[in-house]
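Read through the structure below, which is laid out as structure tokens, and then see the notes.
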Amino acid sequence: MPSNSLAFLNQPVSLKQLDLIEIDLPQVGEFQSAIGIRKSRKALIIKWTDRDDFFGFGECACRPDPFYSPEFLEAAKLAVEHFLFPAINGAEQYSDVATRMEKIRGWNFAKAAVEAAAHGSIRSRLGTTIFDEFPHSRLNHVPVGISMGIQPSAEVMFQKVQEATNEKYSRIKFKISPKVNPNLYRELLQQFPDQHFSFDANGTFTAKDFDQLNEFAQLGKIIEQPLPPTRLDLCLLAKAAIPALQICLDEEITGIGVLKTAHSLQVIDELNVKPGRVGGLTNSLEMLQFCFENDLPVWIGGMFETGIGRSANINLASFCTDATGHDISPSSRYFPQDIVTDPVTMEDGKVDHARFGEAEVDEAILEKYTISKKTLKA
Ligand code: OSB
Ligand code: MG
């Protein structure tokens, strides 16, 4: 695996202290999916300070509840304090950070935050990143897709689609569940023949919903995580029962092993990579590598990240040269105020990876939204 042999993995690291900074960032509006309604963005920001006072930040992007993944924010804080911090304390090179965390099962979002913070401390010391070494071509301008929450009426939805199309979003993803009427979309899709559409069910369809799932599949668009995670058996049944079904996996794919399994079972047509869900930057690059080698379409998802997590997503997205769009909308779509000095903006439906991949935290703004802070001394 080439991403395993990147020289960056051997970069020395040292740790003076790890800060666990919990923030509560106001959102622009509410977002409704099958998972629930989200009104503000709670996140755990990890700051890694090395012995020469170079520092970097990482974002733990899991939800405050266990409705997307088992990991939730309060618990992730405990996992970092009681298990991840003791495990990484004494790491001597970048790859050690991920390797030492392997003995702790799960907690991928927390691990990704710690790894990203270590990565940031190296970036601030050397000015280089792991992305600089990944041997694939990159886009300078990354196309942006929009993830649209469940809307109160067909009229509102139509209007939102019109707005997103006017703003040049290159793909519109609708949140769905078995409670949503598939007929709502038939006309809508016809009215925007040049727009790319997809659906995201967040694992809400089960074996008894195959008729309804078939109706969505008949619309000819890919469906993200139609069935619950850890149910590749249901993906197999659904693929056999519904020939039109095209599956993008999100929640299911927590590691390279399950990705390879899903691929060999032919139940995955596309992969959504989120660095938090897969446990970090190194794991994300390994997955991109697998997708490129196997011609599996891949794009980068989102968890409503602040500018910190968003910058990692943008870097990863720049390698997905064939993707229609990624869930990396501009900061202003999510937050009245982001915690970075240069919040992400979109031009012509694209974000500039060189500019927004290098996020710097505005520590005064970070402090303004901090609700708790704990310092762990190495
Ligand atoms: O399923 O992709 C998802 C946000 C939180 C949890 C799960 C998901 C999402 C999104 C966010 O769809 C999309 C975005 O960040 O714009
Ligand atoms: Mg999803």
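If the condition is being of a type in the set (A, V, I, L, M) and either under 19 Å from the mean Cα position of the chain (by Cα) or surrounded by fewer than 19 Cβ atoms within 10 Å (Cβ to Cβ) (or both), then the stretch 243-260 contributes Ala244, Ile247, Leu249, Ile253, Ile256, Val258, Leu259. Every residue in the stretch 288-331 that is buried (at least 21 other Cβ atoms within 10 Å of the Cβ), within 16 Å of ligand 1 (Cβ to nearest atom) and more than 25 Å from Arg41 (Cα to Cα), please. Within the stretch 288-331, Val298, Cys320 qualify.
Listed residues Ala87, Ala113, Ala79; which is within 30 Å of Ser177 (Cβ to Cβ), touching a residue at least 12 places away in the same chain (Cβ under 8 Å) and over 19 Å from the mean Cα position of the chain (by Cα)? Spell out how you get there, then give the answer.
Details: Ala87 fails: within 30 Å of Ser177 (Cβ to Cβ); Ala113 fails: over 19 Å from the mean Cα position of the chain (by Cα).
Of Ala87, Ala113, Ala79, the one residue that is within 30 Å of Ser177 (Cβ to Cβ), touching a residue at least 12 places away in the same chain (Cβ under 8 Å) and over 19 Å from the mean Cα position of the chain (by Cα) is Ala79.
Report, ordered by the first and then the second residue, all pairs with beta carbons closer than 6 Å, sequence separation of six or more or different chains, a first member in the stretch 50-66 that is at pLDDT 95 or above and aliphatic (A, V, I, L, M), and a second member that is open to solvent by less than 70 Å² (accessible area, probe 1.4 Å) and within 16 Å of ligand 2 (Cβ to nearest atom). As it stands, the answer is Ala61/Phe109; Ala61/Gly276; Ala61/Met303; Ala61/Glu305; Ala61/Gly309, since those pairs meet every condition given.
Give me the residue from the stretch 113-145 that is among the aliphatic types (A, V, I, L, M) and open to solvent by 10 Å² or more (accessible area, probe 1.4 Å) and, out of that set, nearest to ligand 2 (Cβ to nearest atom). Per the criteria, the residue is Ala116. Would you please name the residue that is surrounded by the most Cβ atoms within 10 Å (Cβ to Cβ), looking only at residues in the stretch 196-223 that are under 18 Å from Met148 (Cβ atoms), free of Cβ contacts under 8 Å to residues at least 40 places away in the same chain and aromatic (Phe, Trp, Tyr)? Out of the qualifying residues, it is Phe199.
Of the residues making up the stretch 261-286, those that are within 16 Å of ligand 1 (Cβ to nearest atom) and either surrounded by 23 or more Cβ atoms within 10 Å (Cβ to Cβ) or of a type in the set (Phe, Trp, Tyr) (or both) are Ile268, Leu271, Asn272, Val273, Lys274, Pro275, Gly276, Arg277, Val278, Ser284. Of the residues that make up the stretch 235-254, is at least one away from ligand 1 (no atom under 16 Å from the Cβ) and either at positive phi or acidic (Asp, Glu) (or both)? Among the residues of the stretch 235-254, not one is away from ligand 1 (no atom under 16 Å from the Cβ) and either at positive phi or acidic (Asp, Glu) (or both), which makes the answer no. Here are the criteria: (1) modelled with pLDDT of 95 or more; (2) out of contact with any Asp or Glu (no Cβ under 6 Å at 6 or more places or on another chain); (3) among the aliphatic types (A, V, I, L, M). Tell me which single one Ala98 does not satisfy. The number of the failed condition is (2).
Restricting to the stretch 1-55, count the residues that are under 30 Å from Asn294 (Cα atoms) and among the polar types (S, T, N, Q).
First pass over the stretch 1-55, keeping only residues under 30 Å from Asn294 (Cα atoms): 1-11.
Add one more test, that the residue is among the polar types (S, T, N, Q), and what stays is 3-5, 10-11.
Number satisfying all stated conditions: 5.
Conditions (1) in a helix (DSSP H, G or I); (2) crowded, with 20+ Cβ neighbours inside 10 Å, marked per residue:
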site	(1), (2)
Lys47	no, yes
Gly56	no, yes
Phe67	no, no
Ala76	yes, yes
Glu81	yes, no
Leu84	yes, yes
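Restricting attention to the stretch 332-350, the residues that are in contact with a helix residue (DSSP H, G or I) (Cβ under 6 Å, 6 or more places away or on another chain) and open to solvent by less than 30 Å² (accessible area, probe 1.4 Å) total 4. If the condition is being more than 21 Å from Val161 (Cβ to Cβ) and within 16 Å of ligand 2 (Cβ to nearest atom), then the stretch 214-244 contributes Gln225, Pro226, Leu227, Pro228, Pro229, Thr230, Arg231, Cys235. If you filter the stretch 155-195 down to residues that are within 16 Å of ligand 2 (Cβ to nearest atom) and either open to solvent by 80 Å² or more (accessible area, probe 1.4 Å) or touching a residue at least 60 places away in the same chain (Cβ under 8 Å) (or both), you find that the one that is farthest from Phe31 (Cα to Cα) is Arg171.
The values are calculated or read from the model by the stated rules, or taken from the named source; none is laboratory data. Predicted model, so just to flag it, every value in this text is computed and none were measured. Every residue, glycine as well, gets a Cβ built from its backbone with ideal geometry; the counts of neighbours run over all protein chains shown. Side chains are part of the model used for accessible areas, which takes the heavy atoms of the whole protein and leaves out ligands, DNA and RNA. Shrake-Rupley method; radii C 1.70, N 1.55, O 1.52, S 1.80 Å.
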